[in-house]
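J.: Have a look at the structure that comes next, please.
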Amino acid sequence: AEALPAYRITWLPEGYEILDVFDNGNVFNAFYQQGDDVMTGFVFEYFFAQDSSLAELLFFDEGDYNYKTIDVNGVQADFYQSLVPEETSSLIWIDESAGIVFTLNGFLDEAVMVHIAESIFLTDPTK
């Protein structure tokens, strides 16, 4: 099976650090947080789009979100802004050429999530 490429976030809001990484070759998942406050946390995740079992996790209860499409580096992204304070907002986009789904989930506002998303780059194309 094709190995998942290594994408990394190159811009973080001030004070944010990476706390945990999960990478099994099919899914990459990284958790970031500001200080000790778990309510600042966000998760960056990506996986191959053909992995339908993972894609099924992306369905949302539309009543709890404001949905809109936004632009991330020229790619259309879906932004689900949570209307419930204790639920995270989500930004989802697909790199069609690589066949990879990217997601950001966290207690962050739209502008910050877009800024993070636009800073994600492939670090090692051969990996």
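J.: Pairs needed: first member in segment 68-85, assigned to a loop (DSSP other than H, G, I, E, B); second member anywhere, exposed (fewer than 14 other Cβ atoms within 10 Å of the Cβ) and at pLDDT below 95; C-beta distance under 6 Å; at least 6 residues apart or different chains.
T.: Short answer, once both residue conditions are applied: LEU83/ASP64; VAL84/ASP64.
J.: Considering only residues that are buried (at least 19 other Cβ atoms within 10 Å of the Cβ), outside any helix (DSSP H, G or I) and without any contact (Cβ under 8 Å) to a residue 60 or more places away in the chain, which ones fall in segment 101-118?
T.: VAL101
J.: For segment 61-97, how many residues meet the condition of being among the polar types (S, T, N, Q) and more than 23 Å from PHE48 (Cα to Cα)?
T.: Of the residues in that region, 3 qualify.
J.: Can you pull out every residue in segment 13-53 that is under 17 Å from THR88 (Cβ atoms) and in a loop (DSSP other than H, G, I, E, B)?
T.: Correct list: PRO13 only.
J.: If you don't mind, another one. Can you tell me which of (1) open to solvent by 10 Å² or more (accessible area, probe 1.4 Å); (2) at pLDDT 90 or above is the one LEU91 doesn't meet?
T.: The failed condition is (1).
J.: Scan segment 86-100 for residues that are closer than 20 Å to TYR32 by Cα and either in contact with a Pro (Cβ under 8 Å, 6 or more places away or on another chain) or assigned to a strand (DSSP E or B) (or both) and jot them down.
T.: Residues of segment 86-100 that are closer than 20 Å to TYR32 by Cα, as a first pass: 86-93.
Matches in segment 86-100: SER89, SER90, LEU91, ILE92, TRP93.
J.: Identify, please: which residue in segment 16-56 is hydroxyl-bearing (Ser, Thr, Tyr) and modelled with pLDDT of 90 or more and is, among those, nearest to the chain's Cα centre (by Cα)? Lay out the reasoning, then the answer.
T.: Of all residues in segment 16-56, those hydroxyl-bearing (Ser, Thr, Tyr) come to 16, 32, 40, 46, 52-53.
Cutting the leftovers down to modelled with pLDDT of 90 or more gives us 16, 32, 40, 46.
Values: TYR16: 15, TYR32: 11, THR40: 15, TYR46: 7 Å.
Checked segment 16-56; the qualifying residue nearest to the chain's Cα centre (by Cα) is TYR46.
J.: Does at least one position in segment 4-15 carry a residue that is modelled with pLDDT under 90 and surrounded by fewer than 16 Cβ atoms within 10 Å (Cβ to Cβ)?
T.: No - not one qualifying residue is present in segment 4-15.
The values are calculated or read from the model by the stated rules, or taken from the named source; none is laboratory data. Note that this is a predicted model, so its numbers are computed, not measured. Glycine also receives a Cβ, built like all others from the backbone with ideal geometry; neighbour counts cover every protein chain displayed. Accessible surface is based on the protein model in full, side chains and every heavy atom, while ligands, DNA and RNA are left aside. Shrake-Rupley method; radii C 1.70, N 1.55, O 1.52, S 1.80 Å.
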